[in-house]
1. Could you tell me whether segment A:174-182 includes any residue that is over 47 Å from the mean Cα position of the chain (by Cα) and not in a strand (DSSP E or B)?
2. Return yes or no: is A:Q830 under 46 Å from the mean Cα position of the chain (by Cα) and within 28 Å of A:I804 (Cβ to Cβ)?
3. Looking at segment A:649-679 only, could you name the residues that are basic (K, R) and closer than 15 Å to A:F725 by Cβ?
4. Give the residue that is farthest from A:G722 (Cα to Cα), with candidates limited to residues of segment A:577-587 that are among the hydrophobic types (A, V, I, L, M, F, W, C) and part of a loop (DSSP other than H, G, I, E, B).
5. What about A:K559, is it among the basic types (K, R), under 23 Å from A:V644 (Cβ atoms) and within 12 Å of RNA strand B (Cβ to nearest atom)?
6. Out of segment A:854-874, which residues are without any contact (Cβ under 8 Å) to a residue 12 or more places away in the chain and open to solvent by 60 Å² or more (accessible area, probe 1.4 Å)?
7. Could you pull out the residue among A:E769, A:E726, A:E741 that is charged (D, E, K, R) and open to solvent by less than 50 Å² (accessible area, probe 1.4 Å)?
8. Collect the residues in segment A:216-230 that are open to solvent by 20 Å² or more (accessible area, probe 1.4 Å) and near RNA strand B (Cβ under 9 Å from one of its atoms), keeping them in residue-number order.
Amino acid sequence: IVMPPPNITDILHVGHGLNNTVQDVIVRWRRMAGDEALWLPGTDHAGIATQNVVEKKLAREQGKTRYDLGRDESDAQTTAYVDATGGTILQQLRAIGASADWSRTAYTLTPELSRAVREAFVQLYEKGLIYRGHRVIHWCSRCLTSLSDEEAEHEDEAGSLYHISYPLAEPISGLASVTVATTRPETMLGDVAVAVNPDDPRYRELIGKELILPITGIRIPVIADAYADPAFGTGVVKITPAHDPNDFEVGRRHSLPMPIVMSPTGMMEEGADAAGRVPERLRGVDRFAARAVIVDELRAAGHLGKVETHNHSVRHCYRCHTVVEPRLSDQWFVKMEPLARPALKAVRSGAIRILPERWEAVYINWLEGIRDWNISRQLWWGHRIPVWSCAAGHDPIISREDVTRCPKCSGPVRQDDDVLDTWFSSWLWPFSTLGWPNADARDLRAFYPTDVLITAPEILFFWVARMIMGGFAFMGDRPFHTVYLHGTVRDTQHIKMSKSLGNGVDPLRVVELYGADALRYTLVAGLGMGADVIIDPKDLEQSFAPGRNFVTKLRNIGKFILSNLGDEAVSPLSAIAPSSLSRSDRWILDRLDVAIADCDTALGPARPTGRTWRPSELRSGLRLSEYAEAARRFVWGELADWYVEAAKGRLMAGGADRDVARAVLVHVFDAALRLLQPIVPFVTEELWQQLPGHADDGTLARAPWPAQRREGTGGRDGAARGSEFEVVRETVAALRQLRSEYAITPGKMIPAVIVPARDAAARAVFDEEGGTIGRLARVTITLADVAPSGTAAHAVLAGGTEVIVPLEGIIDVERECVRLRGELEGLEKQLASLSQRLANEGFVSRAPAHVVEAERKKETEWTARRGQLADKVRSMCGG
RNA sequence: GGGCGAAUAGCUCAGUUGGUUAGAGCGCCUGUCUUACACACAGGAUGUCGGGGGUUCGAGUCCCUCUUCGCCCACCA
């Protein structure tokens, strides 16, 4: 294998890296489990900012006003684009051996996608799901395009609510004017009416009367419409149909004119139906400047009432954050309700699950209230809308192929100037990347429906929901069975890391300081289901040192094992007679099975058992942090801390038992490397390559995922011997505690007497494992039937075994008494609360039998232990 | 305005359907270069599980309420 150079990172910046890392971990896992997963990283949005710049540059160079993606460019330009944007990410992904199929990723400019987009448009049109609508949409006066609801983001702002009095043309019963309230006074130039609620007694008389619109002096009617809320403001609302979606509806109901008083660039101007509405002095004035001017003039003329501060949310362009202007215009829309129906059903029925589960409610809520999707954009790059209009006025032509002349009159045609929303191509992604609309495409048949979509919640609506709708609309099937929404990388202030905010972490620096494996490990281990990953950009050590330390530990375990293998052959575990396995061998093999089971539980199941997810499967799996923790616990806490330590003596002693230990070491370490490969791919690969016992030409990334041993650990007897190693661990822990308690130098060998519990198995454990215990605890063990008299430190193990360290001169009797009394006291306290629980009628009768049984058993054990401890205290401390 | 989530050790977080004495990593304290590893080893200290109320034999876990923070959605001028 060619290992990547050490300074290769799998990410561009940490935010991106999270997504790529999660995807790669899951794909690596699936491949080891036997799935030939095809990973399609990213979308045509990879590097959208760069894309924007590149497209504009290309368009300018070619003198085009519209740049039709996939149709206007040359191959060389495509290549340049890929290099400039997605290419960087993808090259790095390939460098780490990620299973990325990068030719499919930066496909924005390909003719294939262009074809798919046209196909989708035409299909929807033919089903009557695309229509041209004349309505008020969100308009960005900086990007000069319309936006969908999702692209116009709400941001809270402290604005002003201006109260303006509109005089009556002919005053009635002492009433000279009505007051309206507005946050956007400049739009009053486009007012065509004032509405009051028909049930509002205050204004009943006014309905049908006329008002003089200040500034312009135009006469407008007072109309009755339920839209006016008597409880808000003055109960009178001005109606500006061309610049407010609600007012537009009111205008339509009352057949009012709809003057446009603002230019696309946000300047005041007399647009359609607006002759005489914008005074000369305001023409060409920016909307916000015009607002100030108008407010001043109203004040001067005495038309301005109170001005209240008003916190409200204002829509901004998601890309440039300019305040979005509602604007009447003609746009293409997709009728969403019919598309949403199967998408809703899929999630409700469990055909598609969303993890974490709570996002399902958000998804359902959004789809239930879905509104039609404005798909036309006035940007100068994108997929152009495949609609041509006839110069002679015949019906427009909607076509998959380019149209040059009108089929009716053979006259000239003109393609619609607009391009499509970029998400109109993105929602086709699960199948357009696989060859759609060619139904016979090999990849489409092989890979659709796909499996897991991994992304951040922020594009649940933009992209995920629409892909699901698109999957059903164009393929008749779900695009994937699982949506996994991961968290966001944030700093300690919980602010999203981004280049523009400067709170990001440079991954190259992290890789340089801690290594790429440590970076991956840190991200994966920190990724609780749906939780954000918090990293302090000012304290990399806190975040990444644990990952680095773990990787180093792994390396050192490998170094130790490899150095003990030497040139001699290592037997495969299957060639070792089960009877020759030691307690520690059986124990670590048991622990390995547990670790494999824990990892499998954390990760799986990979797909639903049936057509839909069962309730028990719905919330399981893809718990990456639990998987990382299970693997780590096994490698460090069990393999390194106990098995390797216990094996040292056997390795040094040589003989047949040495070969058994070597075989088990290799087997267990090999499995551990497999478990870790998806999270720590580099170091595990490097170590595994050096490990004997597997095909030389293989790579760890392609090796099978470990399975639990079907034959167990050698029958009932074997299982018992495995659990007997727990007694060894307990004894060693007790001895270490005593040593530490009496500050005995760790290196010093001391004597220890063990009085095993009164059963043959316990006796055998200490007979046979005395050497191991002695090495691990640095003691020389003597077995006895009764505790020796004399000054000594004592410990009583759970099973009743006594551990005694007789050290005249070092052990202080008084101190030992204090220690033992403290221990006894603690035990008695716990025993008392336990007894109380068991004496409680309610507990015994209502708690499940197994819980009560466990408590009873505990009571017996603790009582015995208390007796032993009390004896110690009595004999040694005299009372 | 509606909805959702979070609050557990100094820090970052686990804690699955209520059931031992609430855990991990880092940090902290004590000791150690024990022939893989001081990025390590051994031992140790640290929690009114945000506040209050309730249900239950039993609550970090379920219900109500309050506080603080965060996120999503939203055409009330």
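The values are calculated or read from the model by the stated rules, or taken from the named source; none is laboratory data. Remember, it's a predicted structure, so these values are computed and weren't measured experimentally. All Cβ positions, even for glycine, are placed from backbone atoms using ideal geometry, and neighbour counts span all protein chains on display. All accessible areas refer to the heavy atoms of the entire protein, side chains included, with ligands and DNA or RNA removed. Shrake-Rupley method; radii C 1.70, N 1.55, O 1.52, S 1.80 Å.
1. Yes, segment A:174-182 has at least one match.
2. Here the answer is yes, as A:Q830 does meet what is asked.
3. We begin by selecting, within segment A:649-679, every residue basic (K, R); these are A:650, A:658, A:662, A:674.
Of everything in segment A:649-679, just one residue is basic (K, R) and closer than 15 Å to A:F725 by Cβ, namely A:R650.
4. In this case the residue turns out to be A:A577.
5. yes
6. Answer for segment A:854-874, where residues must be without any contact (Cβ under 8 Å) to a residue 12 or more places away in the chain and open to solvent by 60 Å² or more (accessible area, probe 1.4 Å): A:K857, A:T860, A:D871, A:R874.
7. Numbers: A:E726 fails: open to solvent by less than 50 Å² (accessible area, probe 1.4 Å); A:E741 fails: open to solvent by less than 50 Å² (accessible area, probe 1.4 Å).
After ruling out the rest, the residue left standing is A:E769.
8. A:Y227, A:D229, A:P230
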